[in-house]
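To keep things clear, I will list the structure first and then write my remarks on it.
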Amino acid sequence: MDQIIIQTLHGLVNGMVLAMVASGLTLIFGIMDIVNFAHGDLLMLGAFVGASVLGVTGNYWLALLVAAVVIAVLGARSPDHDAAALDRTRPADDHPRHVRRLARDPEVRALAVGPVGATDQRAGSGRLRAVPPPIPWYRIATAVLAGLIITGLWLFLKYGKYGIWIRATTQDRVMAQAMGIPVPLVYTGVFAIGSAMAAASGVLFGPFAGVTQTMGFDFTLRAFIVVVVGGMGNLGGSILASIFVSLLESYAAIVVSPAQAVIVSFIVLVLTMLFRPTGLFVPTPK
Amino acid sequence: MPPHGLAGLGIAWVPEERRIFRLLTVLENLRTGLDRPGVTPARREGLLEKVYAYFPILRERRNQAGGTLSGGEQQMLAIARAMMLEPKIILLDEPTEGLMPRMVGQIQEIVHALHREGVAILLVEQNVPLTLDAAERVYIMEKGAVRHHASAAELRADQRVIHEYLGV
């Protein structure tokens, strides 16, 4: 019984972690049909910026803020989401063709290693232990903070003026323009928000994931799975899928080793693609 | 001039396929045209009240997703949404397509009402009686070229042209 409660908590915490990474990814995909492979690298850079600021000032909140702002600017300013260029290259049908990368990954990682120095702090990580360790409180606090940030994003999208602009542009870019919504500005804003979410995730989860140059990759892989399972571009679906998949993995870890439990998310992905390719948690098709 | 700048010039578009934001509520659909610089809260209220007076059903359905509306209701919403921009001219593309006759009458009334307010309307329509009733000037087009143009009054008085070009 205790084990189930602990695993439920684990699942929820991991789910919030994942939801935060996935929400930035799905937001950018939803509005621009871009599969943003740079997301993991932005997360990693955010973690490095955050760790640096934390190291200098010792202020966690300042680290979170600075990382989010710096990476938001970086993400928004990167030239390859130029709206006009996108419109030119965008195919007429509704399928995504754009895959975006910040740069060649090794270069970005080298960039991060330069000033901080690479130390893999993941040695001895709890992942491979047969019995999951008890939940440290800071993990729960982190999950709560992630939940608050996601709720904030959701409220912003639901009720804010710019949230309506973003959702309208997501659904029909041409009509949004006809209504006078400055779509290029919306694109830039969405990239900034998505990048800031990635950076904030990096700062939040760095302490227990380990701040390494490759940390983004682990998150991105799982985030892509839940984004597909939740219905691509659908924020609520991605969040639910994050929690759902993480819970399943946690419960599976009771029976098999945690390393094998990771397979569960791939099984969910395959089943989703086979039987409900639009996603598990999409609103009723209209 | 970027495409989104056209709305600021006072040009509003009601597309043929209506293009309601399906996952946005009716009110949110209207808000896409209201969240622009220079619209005071009082003016927003005024504009909303005006379209609710024209289309009471939209007030009833204001918190419902646009995609759940019927075809006629979506057409009303598309027109109402365009009115939110307080346009000088509305491009109205086949507003009665696929609508039941009662709805056609209502759309006709709204075209007249907009006209009385001094909004110019560029109406593209295959429904000849409606067009002759609503328009001041009529251009008959065939295969993308203007074949004939005259005032609506002339055409109403002399139906031969209509018969010749439209075979009705």
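Read-outs throughout are calculated quantities, based only on the coordinates presented, and are distinct from any laboratory measurement. Since this is a predicted model, take the numbers as computed values, not measurements. Cβ placement follows ideal geometry from the backbone for every residue including glycine, while neighbour counts extend to all protein chains displayed.
Spacing of the modelled spin labels on B:Ser70 and A:Ile263, each 7 Å from Cα toward Cβ, amounts to 5.5 nm.
With the Cα gyration tensor of the range A:1-78 giving a ≥ b ≥ c as the square roots of its eigenvalues, does the rule (a/c under 1.5 for rounded; else a/b larger than b/c for prolate; else oblate) give rounded, prolate or oblate?
Details: a/c = 3.25, a/b = 1.25, b/c = 2.60.
In terms of gyration-tensor shape, oblate.
Ordering B:Thr131, A:Tyr138, B:Ala153 by the projection of their Cα atoms onto the charge dipole of the protein assembly as shown, which places +1 on the Cβ of Lys and Arg and -1 on the Cβ of Asp and Glu, puts A:Tyr138 at the extreme positive end. Counted over the protein assembly as shown, the DSSP beta bridges are approximately 35% antiparallel.
Under the classification rounded if a/c is under 1.5, otherwise prolate if a/b is larger than b/c and oblate if not, where does the range B:41-86 fall, given a ≥ b ≥ c as square roots of the Cα gyration tensor eigenvalues? The shape class here is prolate.
Compared with the dominant principal axis of the Cα atoms in chain B, helix B:41-54 is inclined by about 50°.
About its Cα centre, the dipole of the protein assembly as shown is roughly 800 debye, where the only charges are +1 on Lys and Arg Cβ and -1 on Asp and Glu Cβ.
Applying the Karplus relation 6.51 cos²θ - 1.76 cosθ + 1.60 with θ = phi - 60° to the range B:116-123 yields 3J(HN,Hα) values of 4, 6, x, 8, 6, 10, 9, 9 Hz, where x marks Gly and Pro.
Shape annotation for the protein assembly as shown: C-alpha extents along the principal axes are 92, 45, 43 Å, from largest to smallest.
Over the residues of the protein assembly as shown, the helix contribution to mean residue ellipticity at 222 nm works out to -20000 deg cm²/dmol, using -39500 (n - 2.57) for each DSSP H run of at least 4. In a reduced charge model with +1 at each Lys and Arg Cβ and -1 at each Asp and Glu Cβ, the range B:5-135 shows a dipole moment near 480 debye about its Cα centre. Note that the range A:256-272 has calculated 3J(HN,Hα) couplings of 10, 6, x, 5, 6, 4, 4, 4, 3, 5, 6, 4, 4, 4, 5, 5, 4 Hz, one per residue in order, obtained from phi through the Karplus relation 6.51 cos²θ - 1.76 cosθ + 1.60 (θ = phi - 60°); glycine and proline are x. In loop segments of the range B:1-110 as defined by DSSP, the GluC sites (Glu not before Pro) with at most 14 further C-beta atoms inside 10 Å of their C-beta are B:Glu16, B:Glu17. The relative contact order of chain B, computed from alpha carbon pairs under 8 Å that lie at least 6 residues apart in sequence, is 23 percent.
The HN-Hα couplings worked out from phi for the range A:148-164 by the Karplus form 6.51 cos²θ - 1.76 cosθ + 1.60 (θ = phi - 60°) are 5, 5, 5, 4, x, 4, 5, 4, 4, 5, 7, 10, x, 4, 6, x, 5 Hz, whole numbers, x standing for Gly and Pro. DSSP beta bridges fully contained in the range B:5-135 are about 10 percent antiparallel. Considering all C-alpha pairs of the range B:5-135, those separated by over 20 Å amount to 40%.
Once you place label points 7 Å from the Cα toward the Cβ at B:His115 and A:Ile140, how far apart are they in nm? Result for the modelled spin labels: 7.0 nm.
Taking trypsin sites (Lys or Arg not before Pro) across the range B:15-45, none is in a DSSP loop with at most 12 further Cβ atoms lying within 10 angstrom of its Cβ.
Rounded, prolate or oblate: which fits the range A:163-286, taking a ≥ b ≥ c as square roots of the Cα gyration tensor eigenvalues, rounded meaning a/c under 1.5, else prolate when a/b beats b/c? Please list the in-between numbers first.
Values: a/c = 3.27, a/b = 1.49, b/c = 2.19.
Since a/c reaches 1.5 but b/c is at least a/b, the shape of the range A:163-286 is classed as oblate.
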